[in-house]
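Below: the structure, in structure tokens.
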Amino acid sequence: MKTSIATVSLSGNLADKLNATAAAGFNAVEIFENDFLASDLGAREVGQMVRDAGLEISLFQPFRDFEGLPEPQRAKAFDRAKHKFETMNELGTDLILICSTVSPLALGGIDRAADDLRELGEIARAAGVRVGYEALAWGRFVSDHRDAWEIVRRADHPNVGLILDSFHTLARGIDPSSIRSIPKDKIFIVQMADAPKLNLDLLSWSRHYRNMPGQGDLPVADFMAAVEATGYDGYYSLEIFNDQFRAGSARQTAVDGRRSLFFLMDRLKAEGRAMNGPSESEPLPAPAKTTGVSFIEFATDGASAGALSALLVSIGFRHAGRHRSKDVDLYTQGALRVVVNKETEGLAHSAYVVHGTNVCALGLRMADAAAALKRAEGLLAAPFRQPVGPGERELAAIRGVGGSLLYLVAEEAALERQWEVDFDLEPGWNVHAGAGLGVVDHVAQTVRYEDMLSWTLFYHSIFDLKVMPPLEVPDPGGLVLSQVLENAEGSLRVVLNGSQSVRTLSARFVTQFVGPGVQHVAFRTDDILRTVETLHASGVDLLPIPQNYYDDLDAKFDLAPDLLGAMRRFGILYDRDDSGEYFQIYLTALNGGFFIEIVERRGYAGLGAANAAIRLATQSRFAPEGMPTR
Ligand SMILES: O=C(O)c1ccc(O)c(O)c1
Ligand SMILES: [Mg+2]
């Protein structure tokens with residue numbers, strides 16, 4: 001697959017955009033005219049800069065309001081086009097995009113447009129360039145690729161072809177299978193974009209809310225499958241008008257873009273819907289089948305480790321062993337494995353220096369870690385290796401949120417004897433029931449708002465995680481966008497939170513305290529009342545929940561008085577739906593804002609969204625020192 005991206009999709013100046021495009025490994029770039037006009041380099045120099053970056057120019061665009069004009073505007077439009085053809089020769093590209101006219105002066109008629117394009121095709125031929133015609137979804141006379149194709153067909157000129165853009169076709173609900181019968185040689189380039197379903201006029205929707213294929217709600221896979229059915233082997237070029245991307249990191253957006261194209265193409269290959277030409281690689285291993293969190297690793301130092309281990313012990317963990325060669329301790333409870341790393345070098349230490357005490361790594365358990373690593377690398381994740389001592393296990397790892405690590409732990413490696421290899425363990429280290437916490441229920445990572453789509457794509461493309469409908473949760477300081485990703489069994493749930501407001505707890509965690517990373521971990525118990533009583537006895541500070549909440553629960557659900565009484569006393573939150581019942585408690589946050597949640601599920605599949613606003617309001621009242629509430 002040949003990949004390309006339009007400069008309009010990326011932030012920064014032209015040099016930033018080209019560097020980001022090249023670094024992400026694209027073959028080519030579409031030069032948006034404004035990016036060229038705003039550059040202080042001439043066309044030849046820009047062309048040279050593109051080639052020096054190892055890229056080609058797939059397209060120069062857009063050229064507006066060309067077809068169907070009466071004289072004298074018609075002659076003027078042809079003159080304008082001739083001038084652009086000269087610029088194209090200097091840039092070193094042979095393809096220009098003409099988008100369907102929105103001019104109030106233009107006259108309709110398929111043949112009139114076809115005649116104009118044929119005449120332009122002759123001029124283009126003389127200039128050694130080609131023109132591609134695209135139907136804008138809001139075009140005045142032409143707003144459907146089928147009409148654009150009919151015009152191109154009637155123009156019947158080798159230098160005139162069609163440009164397809166998934167947004168314009170899919171946003172209007174046009175069936176993409178109409179593409180299948182278009183001869184591939186007449187498709188000059190294919191532009192790819194997705195978008196979330198919104199009730200907005202087509203133009204505003206397109207100019208502000210496009211996103212990478214797979215990040216939105218349009219059937220982009222069906223569109224691409226239809227293009228593949230023609231045998232098309234030209235560029236797939238991302239053209240993403242998005243306000244967040246324009247403000248975000250060009251490098252990140254470019255990587256996301258290429259990842260999204262690979263992800264989509266890989267899905268088509270797996271479904272037998274891709275062309276699979278001779279130069280195409282094999283499909284990647286299937287999305288990694290996960291089975292849960294194997295371990296959690298904290299980075300800390302000698303001075304801060306005391307508070308962390310006291311917290312762990314207070315909720316039922318016990319110190320289970322010391323690493324044989326590193327300043328690393330293991331804490332266990334049920335099947336939970338928590339690693340506390342106080343090393344003074346290596347990644348954990350850098351993570352501590354930059355972020356303070358924080359979760360620097362997560363071990364994800366999966367059926368086939370080697371295949372997962374191959375898939376992750378194929379989807380442009382950054383692999384990570386660090387030195388291991390003699391005889392110690394080496395786990396595959398990739399970089400995740402905030403530079404933290406995701407260890408890809410094969411089921412066999414998650415078995416207990418592996419801990420015995422690396423650690424000097426206490427007798428009975430793995431049979432400690434503690435306060436009844438057994439497994440990790442979910443892990444919540446707070447990220448910058450503008451990175452929400454990026455991390456969603458990261459998890460969704462590499463692992464077998466479904467993207468649940470995003471939620472907006474009110475915090476007293478603003479809204480928090482919350483995105484859950486989970487596997488079919490519910491054994492791995494990752495929550496991504498991000499907030500545009502600067503005053504929410506999430507935003508302050510990212511900007512003032514830890515930075516992007518794990519803000520909370522939820523452990524699961526089979527008996528919330530027993531767990532909460534154990535915690536109470538060991539003096540754990542639980543987040544007190546307002547009594548109003550319980551009055552409301554009482555009115556809403558028919559709860560046994562004893563149970564409701566215990567919930568009131570300890571601050572247990574509750575939810576019930578068709579799937580079952582859910583109980584949650586929160587510990588007050590550590591300095592820096594990291595906190596622990598404990599849940600019990602009785603069949604329940606959700607994450608207690610109905611309680612999130614109460615919890616956030618209470619947390620912001622009880623924000624620890626170092627986390628000012630204003
Ligand atoms: O929004 C526009 O005007 C515009 C311009 C060029 C394109 O290729 C496109 O898809 C949209
Ligand atoms: Mg387009």
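The values are calculated or read from the model by the stated rules, or taken from the named source; none is laboratory data. Everything numeric here is computed off the predicted structure, so don't read it as measured data. Here the Cβ is made from the backbone with ideal geometry for all residues, glycine too, and neighbour counts use every protein chain on show. Quick note on the areas: whole protein, heavy atoms, side chains included, nothing else; ligands and nucleic acids left out. Shrake-Rupley method; radii C 1.70, N 1.55, O 1.52, S 1.80 Å.
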Just from its helices, what would the mean residue ellipticity at 222 nm be for the chain, if runs of 4 or more DSSP H residues each count -39500 (n - 2.57) and the sum is divided by every residue, rounded to the nearest 500 deg cm²/dmol?
-10500 deg cm²/dmol
Aspartates and glutamates whose Cα lies under 15 Å from that of K556, excluding same-chain neighbours fewer than 8 positions away:
D575, D577, D578, E581
With a cut-off of 8 Å between alpha carbons and a minimum separation of six or more residues, what is the relative contact order of the chain in percent?
9
For the pair K82 and L202, how long in nm is the line joining their label points, each one 7 Å along Cα→Cβ?
3.3
How tilted is helix 561-570 with respect to the longest principal axis of the chain? Cα atoms for both, answer in degrees (0 to 90, nearest 10).
80
Equivalent-ellipsoid semi-axes (√(5λ), Cα gyration tensor) for the chain, whole Å, largest first?
54, 26, 21
Computed lengthening from E343 to N591, 0.36 nm per intervening residue step minus Cα-Cα distance
87.2 nm
Name the residue from Y550, W455, T504 whose Cα lies farthest towards the positive end of the charge dipole of region 437-621, charges +1 on Cβ of Lys and Arg and -1 on Cβ of Asp and Glu.
T504
Using Cα positions and a limit of under 12 Å, work out the aspartates and glutamates in reach of K17, with same-chain residues fewer than 8 apart set aside.
E30, D35
Quote the FRET efficiency, to the nearest 0.05, computed for L41 versus D217 with a Förster distance R0 of 45 Å and r equal to the Cβ-Cβ distance.
0.70
Of the listed peptides 599-606, 559-566, what is their order by residue-averaged count of other C-beta atoms within 10 Å, with the highest listed first?
599-606, 559-566
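Using a 1.4 Å probe on the protein chains only, how many percent of the accessible area of region 437-621 belongs to carbon and sulfur? Walk me through the numbers before you get to the answer.
Details: 3720 of 7200 Å².
Solvent-exposed carbon and sulfur of region 437-621 make up 52 percent of the total.
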Can you tell me the 0 to 90 degree angle between the C-alpha axis of helix 73-91 and the longest principal axis of the chain, rounded to 10?
60
Which order do the peptides 520-528, 170-178 take when ranked by the mean count of other beta-carbon atoms within 10 Å per residue, highest first?
520-528, 170-178
Calculate what fraction, in whole %, of the accessible area of region 7-47 sits on carbon and sulfur atoms when a 1.4 Å probe is rolled over the protein chains.
43
With charges set only on the Cβ (+1 for Lys and Arg, -1 for Asp and Glu), what does the dipole of the chain come to about its Cα centre, in debye to the nearest 20?
440
Distant-in-sequence amide H partners of Q500 (H built 1.01 Å from N, under 5 Å)
L481
Heavy-atom accessible surface of region 196-249: percent carbon and sulfur, 1.4 Å
50
Could you do me a favour and compute the accessible area per residue for the chain, 1.4 Å probe, result in Å²?
40
Once both label points are put 7 Å beyond Cα along the C-beta direction, the V421-R180 separation in nm becomes 5.1
For the chain, find the longest principal axis of its Cα atoms and tell me its angle to the long axis of helix 302-314, 0 to 90°, nearest 10.
70
Using 7 Å Cα-to-Cβ label points, what is the S350/S314 separation (nm, one decimal)?
3.3
For every other residue with a beta carbon closer than 14 angstrom to the beta carbon of T300, add +1 if it is Lys or Arg and -1 if Asp or Glu, then tell me the sum.
-3
Residues other than L492 with Cβ under 12 Å of its Cβ, Lys/Arg counted +1 and Asp/Glu -1, net out at 0
Could you point to the residue in Y574, A6, V484 farthest towards the positive end of the chain's charge dipole, with +1 and -1 charges on the Cβ of Lys/Arg and Asp/Glu respectively?
A6
Using a Förster distance of 25 Å, how high is the FRET efficiency between E280 and R51, based on the Cβ-Cβ distance and rounded to 0.05?
0.45
Could you sort the peptides 453-462, 307-316 by per-residue average Cβ neighbour count (10 Å cutoff), highest mean leading?
453-462, 307-316
Roughly how many debye, to the nearest 20, is the charge dipole of region 2-270 about its Cα centre, given +1 on each Lys and Arg Cβ, -1 on each Asp and Glu Cβ, and no other charges?
300
Gain in span if fully extended, D551 to A370, counting 0.36 nm per residue against the direct Cα distance:
60.0 nm
Stretchable slack from A247 to N34, in nm (0.36 nm times residue separation minus alpha-carbon distance)
75.0 nm
Rounded to the nearest 0.05, what FRET efficiency do V467 and L107 have when you use their Cβ-Cβ distance and R0 = 41 Å?
0.35
With +1 on the Cβ of every Lys and Arg and -1 on the Cβ of every Asp and Glu, the dipole magnitude of region 437-621 about its Cα centre, in debye rounded to the nearest 20, is 540
Other-chain or far-sequence residues with amide H under 5 Å of R493's (modelled H)
V443
Give me the net charge of A367's neighbourhood, meaning all other residues with Cβ under 14 Å from the Cβ of A367; Lys, Arg count +1, Asp, Glu -1.
-1
Shape call for region 11-157, from the Cα gyration tensor axes a ≥ b ≥ c (a/c under 1.5 means rounded, otherwise prolate when a/b beats b/c, else oblate), comes out prolate
Rounded if a/c is under 1.5, else prolate if a/b beats b/c, else oblate: with a ≥ b ≥ c from the C-alpha gyration tensor eigenvalues square-rooted, which is region 482-612?
prolate
If I ignore ligands, DNA and RNA and count only protein heavy atoms, how much of D222 is accessible to a 1.4 Å probe, in Å² to the nearest 10?
70
